[in-house]
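Q: Below is a structure I'd like to ask you about.
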């Protein structure tokens, strides 16, 4: 039996500062918006507010670009200090072109500019970087929501990533807790009784994208959404499980 | 003001045969499931039932594999006849490896095996291929829903695609009608008043992924879901707009 899902935007979360308790902000805002958190909710959180609460903001004036960063800045038309921050967050450059540096982040995610972003960072002079360990952040927030509300939820920390082959970004999972991000249906039977042979669904990315529909990045930006009504495997598996090994990847 | 969304699975759609009227099947099943279609609904349809209604099923015994298909079959461990069907649906091979042929389909989508699939095709001896023109199919179904119900909806035809860098497939849009699949927020301001410079969101893929959460491919497979409550740009732009030009693509 498959039920109807709800995607509930959590409005009214204030601008986040270093040290803020994200779980508390979410619980308070949800209550004020008339939405008590319930068991089985999946709380999707834009990484930007997690990064801010963890102090993962870089002030451009504090950055000394290397010569290598300077060269890449010329190639891409970006600020050398920004490139320096990108390189600090990368362990590998995958491609350079069209004003963008596709990197493998130090966590292993492949994305533009190693996830370093100037949007919603707090102004022109600041950059926002991905959390140091998004799975750990998700764990911490999940446990804190449990402590405050007594409810068992899953937490997904999301970012919007561009993709090869397709125009536009979509929201994906970069951290998770209380959920298995991958739904392995190999061995199940299709409608006609044929065994499915090669089917793993990245349910965490589908959940992040669903939440992305109500989150948005512009000035009415809503950094949190709850996905309610989904049955999911509650095994606690990190989002790093979504990272495809370079050796299994035809595009690295 | 951002509202709550609903993702409503449409259960009870019978196995589809060539010539079936998909719009009618959806309207009838929705009504029986207690969900009347309303203005602004986005109807997401698994391509498999659209392909079936359009006769896009290939019987393996009817296929004569070429020598080239035979070679690729040895490389990938697949049936040469299946490879022949893949090649017929491709205009370019992008990568070969790990038992899969990543192709550019004749429409321009980059995906495994040119979208040719043995799942839910009707048994071991059949393959299901993508619709000839998924945007046209979406248009036709949208107009037909309008004719039957009087309601203005958007239609998205979806398939589940694997991605580089990330494990698992996600549901994406391969055809659409009554919606602009891309949400261009360049020029909008972020939370701190900074102008967003490079932000196009592929809302059609996020919608397809949201619907994917209730659709599934195994034997309880539900081929249709309605996304309700989303405000979207109703400009009728085809899903081919999502295809990134090879010249703008760092991975082709």
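Q: Looking only at residues that are touching a helix residue (DSSP H, G or I) at 6+ places or on another chain (Cβ under 6 Å) and in contact (Cβ under 8 Å) with a residue 60 or more places away in the chain in segment A:150-170, which one is farthest from residue B:95 (Cα to Cα)?
A: A:153
Q: Out of A:229, A:193, A:178, which single residue is without any contact (Cβ under 8 Å) to a residue 24 or more places away in the chain and at positive phi?
A: Going through A:229, A:193, A:178 in turn, just one is without any contact (Cβ under 8 Å) to a residue 24 or more places away in the chain and at positive phi: A:193.
Q: Based on this model, can you work out whether residue A:170 counts as more than 23 Å from residue A:227 (Cα to Cα), surrounded by 24 or more Cβ atoms within 10 Å (Cβ to Cβ) and within 18 Å of the chain's Cα centre (by Cα)?
A: Here the answer is no, as residue A:170 does not meet what is asked.
Q: Restricting attention to segment B:48-65, which residues are under 23 Å from residue B:92 (Cα atoms) and touching a helix residue (DSSP H, G or I) at 6+ places or on another chain (Cβ under 6 Å)?
A: Within segment B:48-65, B:58, B:60, B:63, B:65 qualify.
Conditions (1) over 21 Å from residue A:57 (Cα atoms); (2) not assigned by TED's automatic domain parsing to the domain that holds residue A:97, marked per residue:
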position	(1), (2)
A:115	no, no
A:121	no, no
A:151	yes, yes
A:159	no, yes
A:176	yes, yes
A:186	yes, yes
A:194	yes, yes
A:209	yes, yes
A:216	no, yes
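Q: Is there a residue in segment B:93-109 that is under 30 Å from residue A:7 (Cα atoms) and in contact with a helix residue (DSSP H, G or I) (Cβ under 9 Å, 6 or more places away or on another chain)?
A: Yes, the conditions are met somewhere in segment B:93-109.
Q: Taking the conditions exactly as written (touching a strand residue (DSSP E or B) at 6+ places or on another chain (Cβ under 7 Å) and assigned by TED's automatic domain parsing to the domain that holds residue A:180), does residue A:35 satisfy them or not?
A: In short, yes.
Q: Quick one: is residue B:69 without any contact (Cβ under 8 Å) to a residue 60 or more places away in the chain, in contact with a helix residue (DSSP H, G or I) (Cβ under 7 Å, 6 or more places away or on another chain) and surrounded by fewer than 21 Cβ atoms within 10 Å (Cβ to Cβ)?
A: The answer is no for residue B:69.
Q: Go through segment B:104-139 and count every residue that is free of Cβ contacts under 8 Å to residues at least 24 places away in the same chain and on the phi > 0 side of the Ramachandran plot.
A: Residues flagged as free of Cβ contacts under 8 Å to residues at least 24 places away in the same chain and on the phi > 0 side of the Ramachandran plot within segment B:104-139 amount to 1.
Q: Checking residue A:95 against (1) surrounded by 17 or more Cβ atoms within 10 Å (Cβ to Cβ); (2) closer than 21 Å to residue A:128 by Cα; (3) free of Cβ contacts under 8 Å to residues at least 60 places away in the same chain; (4) not assigned by TED's automatic domain parsing to the domain that holds residue A:228: exactly one of these is not met. Which one?
A: (2)
Q: Identify the single condition in (1) outside any loop (DSSP other than H, G, I, E, B); (2) in the same structural domain as residue A:224 (by TED's automatic domain parsing); (3) out of contact with any strand residue (DSSP E or B) (no Cβ under 6 Å at 6 or more places or on another chain) that residue A:26 does not satisfy, given that it satisfies every other one.
A: (3)
Q: Select from segment A:34-61 the residues that are more than 18 Å from the chain's Cα centre (by Cα), closer than 19 Å to residue A:210 by Cβ and buried (at least 16 other Cβ atoms within 10 Å of the Cβ) and list them in ascending order.
A: A:35, A:37, A:40 - these are the residues of segment A:34-61 that are more than 18 Å from the chain's Cα centre (by Cα), closer than 19 Å to residue A:210 by Cβ and buried (at least 16 other Cβ atoms within 10 Å of the Cβ).
Q: Sort out for me the strands (runs of 3 or more DSSP E) sitting completely within segment A:100-149 that have 2 or more residues that are at pLDDT 95 or above and under 16 Å from the mean Cα position of the chain (by Cα).
A: A:100-105, A:110-112
The values are calculated or read from the model by the stated rules, or taken from the named source; none is laboratory data. Nothing here was measured: the structure is a model prediction, and the numbers come from that model. Note that each Cβ is placed from the backbone with ideal geometry, even for glycine, and that neighbours are counted across all protein chains shown.
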